[in-house]
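S.K.: One structure follows; several queries about it will come next.
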Amino acid sequence: KRGYTATNPCEQVEPIDVDWRPPAILAPEECRKLMDTAAKVDPGLVPYLALALFAGIRPNEIRRLTWQAVDLDAGHVTIDPEAAKTRQRRLVPLNDPARAWLALGGDIPPRNMDARRVRIAEAAGITWTHDVLRHTAASYLLAIHQDAGKVSLWLGNSPTILFRHYRELVKPTDAQAWLEIRPAMV
């Protein structure tokens, strides 16, 4: 605009091809194996895994939670603005598997979470990819509820993002199997 250069350097940049592949998620059997292994190997990390895998709460949000935010009787977790990525308060409902696993107790907030989850994933033979628990929860929740608006409120996403990334990743039978995962002792 001001004539400082004769050519626009941005015209030299090659366009980026975005490969929109679906996110990696865990099958119900892998979810069961992960939770059972955690209960045996590191029971203190069970609440972190339950909140991420069954409620879709982000790892950094879980790091900022305390047990006071978890209301098992009312069946929800309060994500305060200080804990939320988007700085928006939200209530995340707890489905039956989340409540059952959380009833076992454990560490909230979890300490040394990253090293502990790597150890559990290795013991369970699970391949851990970035945000795999959240992606798994979003996929199954959308398959069960069939309502991107409702599920996006719980996850703190927009319905567009949720619909684009997680629609039709799982079969209804797998979603039902995921919903039935409970601790062996309950």
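S.K.: Would you mind working out the magnitude of the charge dipole of the chain relative to its Cα centre, with +1 at each Lys and Arg C-beta and -1 at each Asp and Glu C-beta, to the nearest 20 Debye?
M.R.: For this selection, approximately 440 debye.
S.K.: At 1.4 Å probe size, with the rest of the protein present, what percent of the exposed accessible area of the stretch 43-152 is carbon and sulfur atoms?
M.R.: Working: 2230 of 4750 Å².
Taking all protein chains in place, the stretch 43-152 shows 47 percent carbon and sulfur surface.
S.K.: Just Asp17, Asp80, Asp174 to compare: in a GNM of the chain, with alpha carbon springs under 10 Å, which one fluctuates most?
M.R.: Answer for the Gaussian network model of the chain: Asp17.
S.K.: Please give the helix 113-124 orientation as an angle from the longest Cα principal axis of the chain, in degrees from 0 to 90, rounded to the nearest 10.
M.R.: Rounded to the nearest ten degrees, it is 70.
S.K.: (i) 12.1; (ii) 14.0; (iii) 10.3: which one is mean projected area of the Cα convex hull in nm² as calculated from this entry?
M.R.: For mean projected area of the Cα convex hull in nm², the calculated option is (ii).
S.K.: Here is a further query. Keeping all protein chains in position, work out how much accessible area Glu29 exposes to a 1.4 Å probe, and write it in Å² to the nearest 10.
M.R.: Counting only protein heavy atoms, the figure is 120 Å².
S.K.: Okay, next question. Going by Cα centres, the stretch 1-52 and the stretch 154-174 are how many Å apart?
M.R.: Cα centroid of the stretch 1-52 versus Cα centroid of the stretch 154-174: 15 Å apart.
S.K.: Hey, another quick one. For the stretch 13-64, which chymotrypsin sites (Phe, Trp or Tyr not before Pro) are in a loop by DSSP, counting at most 12 other Cβ atoms within 10 Å?
M.R.: Sparse-neighbourhood loop chymotrypsin sites (Phe, Trp or Tyr not before Pro): Trp20.
S.K.: Accessible surface of Val70 in the full protein assembly, 1.4 angstrom probe, to the nearest 10 Å²?
M.R.: Surface accessible to solvent at Val70 totals approximately 20 Å².
S.K.: Pulled fully out, how much extra length does the chain show between Thr129 and Tyr4, if you take 0.36 nm times their separation in residues and subtract their Cα-Cα distance?
M.R.: The span from Thr129 to Tyr4 would gain 40.4 nm if fully extended.
S.K.: Rank His130, His135, His145 by accessible area, highest first, at a 1.4 Å probe radius?
M.R.: Result of the area sort, largest leading: His130, His145, His135.
S.K.: If you don't mind, another one. Once phi is turned into ³J(HN,Hα) by the Karplus curve 6.51 cos²θ - 1.76 cosθ + 1.60 with θ = phi - 60°, what whole-Hz value does each residue of the stretch 142-158 show in order, with x for glycine and proline?
M.R.: Listing the rounded values in order: 5, 5, 6, 8, 6, 8, 4, x, 5, 5, 5, 4, 5, 8, x, 10, 8 Hz.
S.K.: Where in the stretch 109-136 does the label zone of Ala24 land, with the point 7 angstrom along Cα→C-beta and an amide N cut-off under 14 Å?
M.R.: The answer is 118, 121-122, 125-136, whose backbone nitrogens lie closer than 14 Å to the label point.
S.K.: Between Arg89 and Gln146, what length in nm is gained on full extension when 0.36 nm per residue of separation is reduced by their alpha carbon distance?
M.R.: 18.2 nm
S.K.: Considering the dipole of the chain built from charges on the beta carbon (Lys and Arg +1, Asp and Glu -1) around the Cα centre, which of Cys31, Tyr4, Asn112 is farthest to its positive end?
M.R.: Tyr4
S.K.: If you don't mind, there's one more thing I want to ask. Taking the Cα-to-Cβ direction at Asp96 and at Arg64 and moving 7 Å from each Cα, how far apart do the two end points lie in nm?
M.R.: Label-label distance for Asp96 and Arg64, simple model: 3.3 nm.
S.K.: Turning to a different aspect of this structure: How would you classify the stretch 53-149 from its alpha-carbon gyration tensor, with a ≥ b ≥ c the square roots of the eigenvalues: rounded for a/c under 1.5, else prolate if a/b is greater than b/c, otherwise oblate?
M.R.: Because its axes are fairly even, with a/c under 1.5, the stretch 53-149 counts as rounded.
S.K.: Going toward the positive end of the dipole of the chain, with +1 on Lys and Arg Cβ and -1 on Asp and Glu Cβ, which of Phe54, Ala175, Ala74 do you reach last?
M.R.: Farthest towards the positive end: Ala74.
The values are calculated or read from the model by the stated rules, or taken from the named source; none is laboratory data. From a predicted model like this one, the values you see are computed outputs, not experimental measurements. Glycine also receives a Cβ, built like all others from the backbone with ideal geometry; neighbour counts cover every protein chain displayed. For accessibility, only protein heavy atoms count, side chains too; no ligands or nucleic acids. Shrake-Rupley method; radii C 1.70, N 1.55, O 1.52, S 1.80 Å.
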